[in-house]
Structures are given as structure tokens and as C-alpha cells.
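Inspection log for the structure reproduced underneath, given as C-alpha cells.
The values are calculated or read from the model by the stated rules, or taken from the named source; none is laboratory data. Just so we're clear, the structure is a prediction, and the values are computed from it rather than from any experiment. Cβ placement follows ideal geometry from the backbone for every residue including glycine, while neighbour counts extend to all protein chains displayed.
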Amino acid sequence: MTKNTITLLKKFFAKFPSIKYPKGALIHKPGDKFTNIYYAKSGYVRIFTKNGSQETTLNIFRPLFMVSLVQSSTNHPSNFYIEAITPCEIWTAPIVEYQKYVDNDPKLAKQVNSFFFNSVLQLLNNQTNIIAGNATNKVATVLLQLAFDYGQMKDHSIFVPFPATHRVLATLIGLTRETTSVQMSKLQKMGVISTKRVSFTVLNLDKLKKLSQLD
């Protein structure tokens, strides 16, 4: 999504109230209906499903706006959870007001649609690597997407402030937390990434891209 699109969306959502959620709070649970469209003013969330004690996180990292837009438009109850993985502040706006806003700006509507379809395509591409790849492919793929979605260029490296705990990464790619930790350590020893608490820095983007690809 371009900076101009983000600016226009924030301008719209800033007219409406926001809700603050602490880390770990459930913003949405299965069976709930979206009566408004959500947009994250600050913080990060994840979307996941549960099967007993096992959690699977959906591999979409800017989920609130697009998922709430789709769910509000279809008026279907969802079967997933949305959890704040950092303290969050979320704007909420009625679907009718959002529709009026984009109807008056066809260019913005086109940009949002383009972002949506590109996100779906990226999800499909990533899922291929995650399903068919080995442990290294899986971890490299999700780190690469995080770098593209949230990365900040610093000198010749990419700093990613996303709270990429090994538990969250494991639920994204279907590995155990222990295996995920081993792979993260392996990438550090190879000089591909460095880590600091829950954030990480990509030191060698070309190498990370190569490791994400299937043999």
C-alpha cells in the first residue's frame, strides 16, 4: 500500500473513535460479526485459529483493515481470533461511511483493491513455500515477508520492529517452537539476520531470498 493511500485512509479513520487494547487482549473471537471496519492506529495484531491447544496463525501481517472490510461487506460471522500482540489502538468506522468515502475517490478505491489482490497473491506464494518447503524455507519465507511489510532501511540492512517471538513464528509456519528457535539461530550464525529481544535485522537480503526458495 502506498504512503498516499495510507495517508488518505488514516485521514478518514481519524474522524471516528479509537479503542485501546493491552498486549494479549482478544479484539475478536469466533462467532463475532464485524459491524465496523477496523484500522490499526498503532500496534500489531495476529489472526489465528485454534484446534484444541494447537494454534495456527494466518500468514497475513496487516490483517485488521482488509479482514474487517471483507467480513463487514459479506456480513458473515468469522471463525478466527484476533489478538493484540503489542499494545494497540484501533480505529473503528461504519462500513456505510467507508463506502461513501471511497465512492467519492475512485483512485483510492482502485489502490485499496490492488493492495487486497496483491496481499492474496503474496499469501498464496508464501503458503506454497510454507507447505512444501523444509524448516529453513519456512522460516526464511516468513522473515522475508515481515521484512517487506515492516522493514526499515538502516545503512545496508533492514531493521524489522515487528514482535517476532519464536512462538508466533512457529504458529505461522507450522513448526514447533524448538525447531523455529534452531532455525533462527542457524540464520544468525550464517550472518543472514541478527536479533535483539523480539525484533530482528536482515543483514543479507539476497541470501534470505535464496533460502526462502524451494529447491
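Return yes when residue 85 is modelled with pLDDT under 90, within 24 Å of residue 163 (Cβ to Cβ) and in the same structural domain as residue 170 (by TED's automatic domain parsing) and no when it is not. No; evaluated as a whole, the condition is false for this residue.
Filtered by the rule that a residue be touching a residue at least 40 places away in the same chain (Cβ under 8 Å) and over 13 Å from the mean Cα position of the chain (by Cα), segment 142-155 gives a lone residue, 154. Just one of (1) within 19 Å of residue 205 (Cα to Cα); (2) surrounded by fewer than 17 Cβ atoms within 10 Å (Cβ to Cβ) fails for residue 160. It is (2). Assessment of segment 97-107 against the conditions (among the hydrophobic types (A, V, I, L, M, F, W, C), under 16 Å from the mean Cα position of the chain (by Cα) and surrounded by 12 or more Cβ atoms within 10 Å (Cβ to Cβ)) yields no matching residue. With respect to the conditions (1) in contact with a Pro (Cβ under 8 Å, 6 or more places away or on another chain); (2) farther than 19 Å from residue 47 by Cα, residue 150 falls short on a single one, namely (2). The set of residues in segment 171-181 that are part of a helix (DSSP H, G or I) and at pLDDT 90 or above comprises 177, 178, 179, 180, 181. Annotation: of all residues in segment 189-215 being among the β-branched types (Val, Ile, Thr) and part of a strand (DSSP E or B), the one that is surrounded by the fewest Cβ atoms within 10 Å (Cβ to Cβ) is 195.
Residue count for segment 114-151 under the criterion of being part of a helix (DSSP H, G or I), modelled with pLDDT of 85 or more, touching a strand residue (DSSP E or B) at 6+ places or on another chain (Cβ under 9 Å) and not aliphatic (A, V, I, L, M): the result is 0. How about segment 9-26: which of its residues are surrounded by 18 or more Cβ atoms within 10 Å (Cβ to Cβ) and either among the hydrophobic types (A, V, I, L, M, F, W, C) or modelled with pLDDT under 90 (or both)? 9, 12, 13 - these are the residues of segment 9-26 that are surrounded by 18 or more Cβ atoms within 10 Å (Cβ to Cβ) and either among the hydrophobic types (A, V, I, L, M, F, W, C) or modelled with pLDDT under 90 (or both).
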